[in-house]
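The values are calculated or read from the model by the stated rules, or taken from the named source; none is laboratory data. A quick note: this is a predicted structure, and the numbers were derived from the prediction, not measured. Cβ coordinates were reconstructed from backbone atoms using ideal geometry, including for glycine residues, and neighbour counts include every protein chain displayed.
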Amino acid sequence: MILNSQAYKDGGALFITWDEGVHGNGPIVLSPFAKDKGYSNDAAYSHGSTLRTIPEIFGVIPLLGDAADEQDLSDMFSVFP
């Protein structure tokens, strides 16, 4: 239902995260702006990467807490603010 919603089709993103991953297992991002179907990389993302990326997408600054020190998820998108 989410992927068929108008909000998703109009540039939304769905971030799927989990808590028991192994180092390097970052979130899965589904979005009309995500790179190719099945894209992956070797970056070691953390929950902080997601916490940095969402404010960046919406232009919220300054980044709070440790989010400013994390790697963002911009590599997962073909278009990123």
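Across segment 24-63, what is the number of residues that are farther than 22 Å from SER5 by Cα and part of a loop (DSSP other than H, G, I, E, B)?
16
Please enumerate the residues belonging to segment 38-63 that are polar (S, T, N, Q) and out of contact with any helix residue (DSSP H, G or I) (no Cβ under 8 Å at 6 or more places or on another chain). I'd like the intermediate steps shown before the answer.
At the first step, the residues of segment 38-63 found to be polar (S, T, N, Q) are 40-41, 46, 49-50, 53.
Across segment 38-63, the qualifying residues are SER40, SER46, SER49, THR50.
Is there any pair linking a residue in segment 70-81 that is farther than 16 Å from ALA44 by Cα to one that is of a type in the set (Val, Ile, Thr), with Cβ under 7 Å and at least six apart or on different chains, and which?
PRO81/ILE57
Quick one: in segment 45-63, which of the residues that are surrounded by 12 or more Cβ atoms within 10 Å (Cβ to Cβ) and small (Gly, Ala, Ser) is nearest to TRP18 (Cα to Cα)? Walk me through how you get there before you give the answer.
Within segment 45-63, the subset surrounded by 12 or more Cβ atoms within 10 Å (Cβ to Cβ) is 45-57, 63.
Going one step further and asking which of them are small (Gly, Ala, Ser), we end up with 46, 48-49.
Working: SER46: 10, GLY48: 13, SER49: 13 Å.
In this case the residue turns out to be SER46.
Residues being charged (D, E, K, R), more than 12 Å from the chain's Cα centre (by Cα) and more than 13 Å from GLY26 (Cα to Cα): count how many of those fall in segment 37-81.
Residues in segment 37-81 being charged (D, E, K, R), more than 12 Å from the chain's Cα centre (by Cα) and more than 13 Å from GLY26 (Cα to Cα): 3 in total.
Take the residues in segment 5-17 that are within 13 Å of the chain's Cα centre (by Cα), among the hydrophobic types (A, V, I, L, M, F, W, C) and over 17 Å from PRO81 (Cβ atoms), then tell me which one is modelled with the highest pLDDT.
Looking at residues that are within 13 Å of the chain's Cα centre (by Cα), among the hydrophobic types (A, V, I, L, M, F, W, C) and over 17 Å from PRO81 (Cβ atoms), I get LEU14.
If you check ASP19, ASP75, ASP66, which single one turns out to be part of a loop (DSSP other than H, G, I, E, B) and either loosely packed, with under 15 Cβ neighbours inside 10 Å or of a type in the set (D, E, K, R) (or both)? Don't jump to the end; show me each part of the working.
Details: ASP75 fails: part of a loop (DSSP other than H, G, I, E, B); ASP66 fails: part of a loop (DSSP other than H, G, I, E, B).
Result: ASP19 is the single residue among ASP19, ASP75, ASP66 that is part of a loop (DSSP other than H, G, I, E, B) and either loosely packed, with under 15 Cβ neighbours inside 10 Å or of a type in the set (D, E, K, R) (or both).
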